[in-house]
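Read the figures in this text as sums done on the coordinates, not as results from a lab. Please read all numbers here as calculations on a predicted model, not as lab measurements. For neighbour counting, all protein chains shown are included, and Cβ atoms are generated from backbone atoms with ideal geometry for every residue, glycine included.
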Amino acid sequence: MRTQVAIIGGGPSGLLLSQLLMRAGIATVVLERQTRAHVLGRIRAGVLEQGTVELLRRAGVGARLDREGIVHEGTMLSTAGGMFRVDFKARIGEVVTVYGQTEVTRDLYAAQDAASATILDEVSEVALHDLTTEAPYVTFQRGGEAQRIDADYIVGCDGFHGPSRQAIPRDKRTEYERVYPFGWLGVLSRTRPAAEELIYANHPRGFALASMRNPTLSRYYIQVPLTDRAEDWSDAAFWDELRRRLPAEVAEGLETGPSIEKSIAPLRSFVTEPMRWGRLFLAGDAAHIVPPTGAKGLNLAASDVHYLSEGLIAAFAGDGAALEAYSDRALTRIWAAMRFSWWMTSILHRFPDQTDFDQKIQEAELRQLETLASAQAAMARNYTGLPY
Ligand code: RFL
Ligand code: PHB
């Protein structure tokens, strides 16, 4: 089989890239290890920056998002001293949209099906070859058969554990990493959200987040030790712990119910540089991971895809400059989001080795955020998304 761009990974990065390229008349093939049902069963991100919303509209998948997405003009933060609000709209005139990654992915699959895209699921043993030549190719197994795709370019959108990043020789890339000493236990439940906006809570027992997907579907997280296992947390124990960490007035009115999904995610900051080797390009979680505290992972995947689709479209039209610049352009924005999500994580969580000094600094950070318009503006700017 031959195509112009072979895309490894059918998550949001891979599907959005394929969609944007196909709309520009460029042929793609997407290779996905899992079944479509599995990809659509993953519960992940919930907050979209305005730039992501606009990119999805440009990709032709904005209709349901515009109907069902919930615009949030601010967020709540809760501390020992009480709850306060950061008003994004008032501070910098920007907003975010609450719309689940599951729904984004569903919309992208529907659009790709309508465009008769080639998405091969349940592939295994994906291997990348001849990446520094003009004729790179991918081999894989599907339905018990060995197959090969030749392409002009190969894009790794295969997440943190995929093979694409590893295809770059170790001495040709530099990796930067911070692993945090805790995880997030997340629960999805068919209940009314705790509040109209998200609540990020700093609490002596650990961080908590009250989020949502729609008016009848809530998403909650609590900080847990990495040694905990999701199956050891009963629903009742989860709700009790969440109530303790949320402000009393919110905890009192909290609607609880059976969990639909319950899982623990570790927290990590990770970047690999450069995001290109020969004719291989990396995008999304394949190249970088952020802790979810800043709600940046899916949004960074979208901005990578924006830069990369521009570069590839120009390259096929004969101008390679934007593709050459892809890794540098993407990394500038990625490091800004790395800093922000590291900072949000550091001011909101309880660290196992936290000293009294660290504690006082954390309180001072939160007080600044509560009382200084300039601190709120900086947070709002980063949370709602830096411009592309
Ligand atoms: P994905 O979604 O991991 O998709 C990669 C795809 O590649 C496939 N794959 C392979 N395919 C073929 N061959 C192989 N060998 C393969 N190996 C892997 C996988 O099956 C998969 O389908 O990466 P992508 O597309 O780059 O998208 C990134 C986002 O999923 C991720 O950044 C976000 O979910 C992060 N994230 C959040 N981001 C936000 O912007 N806002 C949020 O509010 C937010 N909350 C979150 C999050 C991530 C979380 N977890 C579980 C990590 C909350 C959580 C709890
Ligand atoms: C979510 O709703 O899953 C969510 C929202 C905000 C975050 C992280 C996750 O910062």
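Projected onto their three principal axes, the Cα atoms of the stretch 320-388 cover extents of 53, 30, 13 Å, largest first. Lys and Arg at +1, Asp and Glu at -1: add these up for the other residues within a Cβ distance under 9 Å of Gly14 and post the number. Residues close to Gly14 contribute a combined charge of -2. Expressed as a fraction of 2.2 N^0.38 Å, the C-alpha radius of gyration for the stretch 117-211 is 1.69.
For the stretch 350-385 versus the stretch 1-27, the inter-centroid distance based on Cα atoms is 40 Å.
Relative to the longest principal axis of the Cα atoms of the chain, the long axis of helix 101-114 makes an angle of roughly 30 degrees. Once both axes come from the Cα atoms, what is the angle between helix 356-371 and the longest principal axis of the chain, in degrees from 0 to 90, rounded to 10? Once rounded, one gets 90 degrees. Note on Glu125 and Asp87: the extension gain reaches 8.9 nm, defined as 0.36 nm multiplied by sequence separation minus the Cα-Cα distance. Taking 0.36 nm per residue of separation and subtracting the current Cα-Cα distance, fully stretching the chain between Asp66 and Ala314 would add 86.4 nm.
What FRET efficiency comes out for Ala135 versus His161 if R0 is 30 angstrom and r is the Cβ-Cβ distance? Round to the nearest 0.05. About 0.65, to the nearest 0.05.
Geometric descriptor of the stretch 280-361, per residue, is 86 Å³ (volume of the convex hull of the Cα atoms). Annotation: extensible slack from Gln354 through Arg36 equals 110.2 nm (criterion: 0.36 nm per residue apart, minus Cα-Cα distance).
Give, to the nearest whole percent, the P(r) tail of the stretch 239-331 beyond 19 angstrom, counting all Cα pairs. Roughly 57 percent, rounded to a whole number. Within the shell of other residues whose beta carbon sits under 15 angstrom from the beta carbon of Glu197, the net charge comes to +1, with Lys and Arg scored +1 and Asp and Glu -1. Counting only alpha carbon atoms, the long axis of helix 321-348 and the longest principal axis of the chain meet at about 20°. So, counting K/R as plus one and D/E as minus one, what does the shell of residues with Cβ under 15 Å around Thr102 add up to? Overall, the nearby charge balance is +4. Against the empirical curve 2.2 N^0.38 Å, the C-alpha radius of gyration of the chain lands at a ratio of 1.00. Close amide H contacts of Arg44 (hydrogens built in the peptide plane, cut-off under 5 Å, sequence separation of 5 or more or a different chain): Gln101, Thr102. In the chain, if the dipole is taken from +1 on Lys/Arg beta carbons and -1 on Asp/Glu beta carbons about the Cα centre, which of Ala135, Leu280, Gly14 is farthest to the positive end? Of the candidates, Gly14 comes out farthest on the positive side. A Förster distance of 41 Å, applied to the separation of the beta-carbon atoms of Glu261 and Arg148, puts the FRET efficiency at 0.65.
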